[in-house]
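A short write-up of the structure that comes next.
The values are calculated or read from the model by the stated rules, or taken from the named source; none is laboratory data. Remember, it's a predicted structure, so these values are computed and weren't measured experimentally. Reconstructed Cβ throughout: ideal geometry from the backbone, glycine too, with neighbour counts over all protein chains shown. Side chains included, ligands, DNA and RNA excluded: accessible areas come from the protein's heavy atoms. Shrake-Rupley method; radii C 1.70, N 1.55, O 1.52, S 1.80 Å.
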Amino acid sequence: MAEKEQIKSIDQATVEMIEKAARDGARVVFERAETVKPCPIGAEGSCCSICAMGPCRLPLPRGKEETPEGKQKRRGVCGATAETIAARNFTRKIAAGAAAHSDHGRRVTQAFLDIAKGEAPGYEIKDEQKLLQLALDLGIEIGDRSNNEIAIDIGETLLNEFGKQKGELLFLKRAPLKRQEIWRKEGVAPRGIDREVVEAMHRTHMGVDQDYRNLLLQGTRAALADGWGGSMIATDLQDIMFGTPAPVASQINLGVLQEDEVNIIIHGHEPQLAEMLAIVSQDREMIEYAKSKGAKGINLAGMCCTANEVLMRHGVPIAGNFLQQELAIVTGALEAMVVDVQCIMQGLANVAQCYHTKVITTDTRAKIEGATHMEFDEHNAVESAKAIVKAAIDNFPNRKKNVYIPQQKTDLIAGFSHETINYLLGGLFRASYRPLNDNIINGRIRGVAGVVGCNNVRATHDDGHVRMVKELIKNDVLVLQTGCSAMACAKVGLMVPEAAAEYAGEGLASVCEAVGIPPVLHLGACVDNSRILIAATAMVKDGGLGDDISDLPVAGAAPEWMSEKAISIGQYFVGSGVFTVFGVTWPTLGSKEVTDYLFKDFEEMYGGMWAFEPDPIKAAHMMIEHIDKKRKALGIDKARERVLYDMAMRRELDAV
Ligand code: XCC
């Protein structure tokens, strides 16, 4: 029997562009995925390629139980067990993910220092309040010093976090005290960001750490160095330099591209260039230049996490999420695809050959064969950005006949930073999470879920995110989102206040309507998952919901994950006490022991644990079950029953 064909996407714009790509002869990710199938042994984490005696492939016996003798024999050439191999592969994924977020954080810190020293004209410190708060957090003197003097000390202190060899990362102190104690007890409090990544790479080298528990201990430490280190530093400093996000309206999907304007997409992760492009693309001189080439104006849009950064702070529209990157070129209406780092498919350069689009790499760490490299330099940001915009404008007259922009675009509200949530809930003078905690305690809100992460071409595009989030809000779970997951839900209209009445359960809807927020809140890019850690900590500190993150009725998920960064994020959530469920595939299934350790034993150690469930509805119910378990432990389960009873009574009364 033929294999049932997987539906490629639930998004009409995506479907239309896949069809156009086929007509135009452009090979995109959806087509490549049909010819390149995943290796089943690698997918389970059972292929070891870390030395030249292998790769050793250790498949599980198919269709039957593994016998003890079989398990004994299932070893690599060096004698490594399936447990060691799975744990090593998993730890390496964490190290790569933590490295990506943290190298982003490092470059942001360097830019922050340059700005403070006056060496990066065109940028400034935008959020003074957050600067001073951070100085207080770090014990840096404020006195009557200038913002720049304070910022230099902050920048140097945080830059030191990357290469620190001893002690603990400074931001660990932001966590609830009980959480800090757990980290110390388990020996996973990170010392320095780079140190933990390097040690993870060392310990997973051939012939070093060969105890899966010990390997995963280092994996946890490296992941925590991402969440409470590199990512958190990136978020804080970006907010100070570019402004802490506040609610902003915009639009999303390929329909934001304009037929008669110069279309530029900024794609990747670091916001420095994107910030400057947002300014320069509005420059009168640039717009005039665009007009001289026959365009009506310049249209900047975002893709992937850079998109989230400039959406949150400027309302720049989003053209799409991860799996739509090549499809933006397929419209035939894109003058320049400007990329920096992470999640950029090499296929872009190939697809661009069928159209006029210029793929422009801008970062010395990320070049692509066949693309044009135009180095972006923060010291000369305005000029660098102008050169890129000019190159896009110059490309406008080269558009070919095969232009078609799908009509789909959806309104959304973004900009829900921790500070904004605090303010919206509590008001300017008494900003607090109290109303959120109270509504959780009284049962109107059942709990809070973070649904984040990528798209994965092995699952129907956007479907997992949308179905999971709809199920959660229907069951009164407030959803916080970042990354490509946020974009999937924004595209179907879940990020406008009206979505509360349409999709949320009565309890959640009543709170959203009172505060005027959507039931699904966009918190930003993937480094901004650190905002979720801070929000969870604020809930603990506000009282009434236990004394650790693991006591809260919260859960996390990445239903369509694909990147190593997602594994690092998941691991730091689990290590911070959060139950976290991933979809699509799970990279340790080749070892039952390692999988059980992550899914069960971790709960004893960290209060949080992993789960794997490819069905988004079932996964949502696993999250709800966990939330209910936590409500019961807190003794607030009865409150919710009362609320539901009240509603039933109300309905009865209404019927009379
Ligand atoms: Fe990349 Fe951040 Fe994943 Fe999207 S969600 S595919 S990592 S852009 Ni981060």
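Screening I517, I549 for residues that are buried (at least 24 other Cβ atoms within 10 Å of the Cβ) and touching a residue at least 12 places away in the same chain (Cβ under 8 Å) leaves exactly one candidate, I549.
Based on this model, can you work out whether G332 counts as in contact with an Asp or Glu (Cβ under 6 Å, 6 or more places away or on another chain) and more than 26 Å from A249 (Cβ to Cβ)? So G332 fails the test. Pairing each residue of region 391-406 that is modelled with pLDDT of 95 or more with any residue that is open to solvent by 50 Å² or more (accessible area, probe 1.4 Å) and part of a helix (DSSP H, G or I), provided the two are 6+ apart or on different chains, yields C-beta distances under 8 Å for I393/Y289; P406/Q12.
Contact map, region 63-86: residues that are under 20 Å from Y597 (Cα atoms) paired with residues that are of a type in the set (D, E, K, R), Cβ distance under 7 Å, separation 6+ or inter-chain. Pairs shown: T81/R75; A82/R74; E83/E593.
Among the residues of region 323-332, write down those that are within 13 Å of the ligand (Cβ to nearest atom) and closer than 13 Å to I265 by Cβ. Result: Q324, Q325.
Residues in region 158-171 that are surrounded by fewer than 19 Cβ atoms within 10 Å (Cβ to Cβ), assigned to a helix (DSSP H, G or I) and either under 24 Å from the mean Cα position of the chain (by Cα) or in contact (Cβ under 8 Å) with a residue 12 or more places away in the chain (or both): 2 in all.
Can you spot a residue in region 75-89 that is within 25 Å of A525 (Cβ to Cβ), touching a helix residue (DSSP H, G or I) at 6+ places or on another chain (Cβ under 8 Å), part of a helix (DSSP H, G or I) and small (G, A, S)? No, that holds for no residue.
When you look at K618, is it farther than 14 Å from L472 by Cα, open to solvent by 10 Å² or more (accessible area, probe 1.4 Å) and not in a loop (DSSP other than H, G, I, E, B), yes or no? Spelling it out, it is not the case that K618 is farther than 14 Å from L472 by Cα, open to solvent by 10 Å² or more (accessible area, probe 1.4 Å) and not in a loop (DSSP other than H, G, I, E, B).
Conditions (1) assigned to a helix (DSSP H, G or I); (2) of a type in the set (A, V, I, L, M); (3) within 16 Å of the ligand (Cβ to nearest atom), marked per residue:
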{"position": "L334", "(1), (2), (3)": "no, yes, no"}
{"position": "V338", "(1), (2), (3)": "no, yes, yes"}
{"position": "Q342", "(1), (2), (3)": "no, no, yes"}
{"position": "M345", "(1), (2), (3)": "no, yes, yes"}
{"position": "Y355", "(1), (2), (3)": "no, no, no"}
{"position": "I360", "(1), (2), (3)": "no, yes, no"}
{"position": "F376", "(1), (2), (3)": "no, no, no"}
{"position": "N380", "(1), (2), (3)": "yes, no, no"}
{"position": "E383", "(1), (2), (3)": "yes, no, no"}
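Cβ-Cβ contacts under 6 Å between residues 6 or more apart (or on different chains), taken from a first residue in region 482-498 that is on the phi > 0 side of the Ramachandran plot and touching a residue at least 12 places away in the same chain (Cβ under 8 Å) to a second residue that is assigned to a loop (DSSP other than H, G, I, E, B) and within 14 Å of the ligand (Cβ to nearest atom), are listed as G483/V452; G483/G453. Report yes if A490 is touching a strand residue (DSSP E or B) at 6+ places or on another chain (Cβ under 9 Å) and either aliphatic (A, V, I, L, M) or open to solvent by less than 20 Å² (accessible area, probe 1.4 Å) (or both), otherwise no. Taking the combined requirement at face value, the residue satisfies it.
Okay, residues lined up against (1) under 15 Å from A558 (Cβ atoms); (2) open to solvent by less than 30 Å² (accessible area, probe 1.4 Å); (3) within 15 Å of the ligand (Cβ to nearest atom); (4) of a type in the set (A, V, I, L, M, F, W, C):
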| position | (1), (2), (3), (4) |
| --- | --- |
| L412 | no, yes, no, yes |
| H418 | no, no, no, no |
| I421 | no, yes, no, yes |
| G426 | no, yes, no, no |
| I440 | no, yes, no, yes |
| K474 | no, no, no, no |
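Which condition from (1) open to solvent by less than 10 Å² (accessible area, probe 1.4 Å); (2) within 30 Å of Y355 (Cβ to Cβ) is the one that R27 breaks? Of (1) open to solvent by less than 10 Å² (accessible area, probe 1.4 Å); (2) within 30 Å of Y355 (Cβ to Cβ), only one is false for R27: (1).
Per the listing A558, A538, the residue uniquely open to solvent by 10 Å² or more (accessible area, probe 1.4 Å) and out of contact with any Cys (no Cβ under 6 Å at 6 or more places or on another chain) is A538.
Do the conditions hold for V316, that is, is it crowded, with 24+ Cβ neighbours inside 10 Å, within 16 Å of the ligand (Cβ to nearest atom) and part of a helix (DSSP H, G or I)? So V316 does not fit the description; no. Could you go through region 25-35 and let me know if any residue there is free of Cβ contacts under 8 Å to residues at least 60 places away in the same chain and among the aliphatic types (A, V, I, L, M). The answer is no, given that none of the residues of region 25-35 is free of Cβ contacts under 8 Å to residues at least 60 places away in the same chain and among the aliphatic types (A, V, I, L, M). Among the conditions (1) under 25 Å from the mean Cα position of the chain (by Cα); (2) assigned to a helix (DSSP H, G or I), the only one that V188 does not satisfy is (2). What about D127, is it of a type in the set (D, E), in contact (Cβ under 8 Å) with a residue 12 or more places away in the chain and open to solvent by less than 70 Å² (accessible area, probe 1.4 Å)? In short, yes.
Cβ separations smaller than 6 Å between residues 6+ apart or across chains give no pair from region 340-359 residues that are without any contact (Cβ under 8 Å) to a residue 12 or more places away in the chain to residues that are within 12 Å of the ligand (Cβ to nearest atom).
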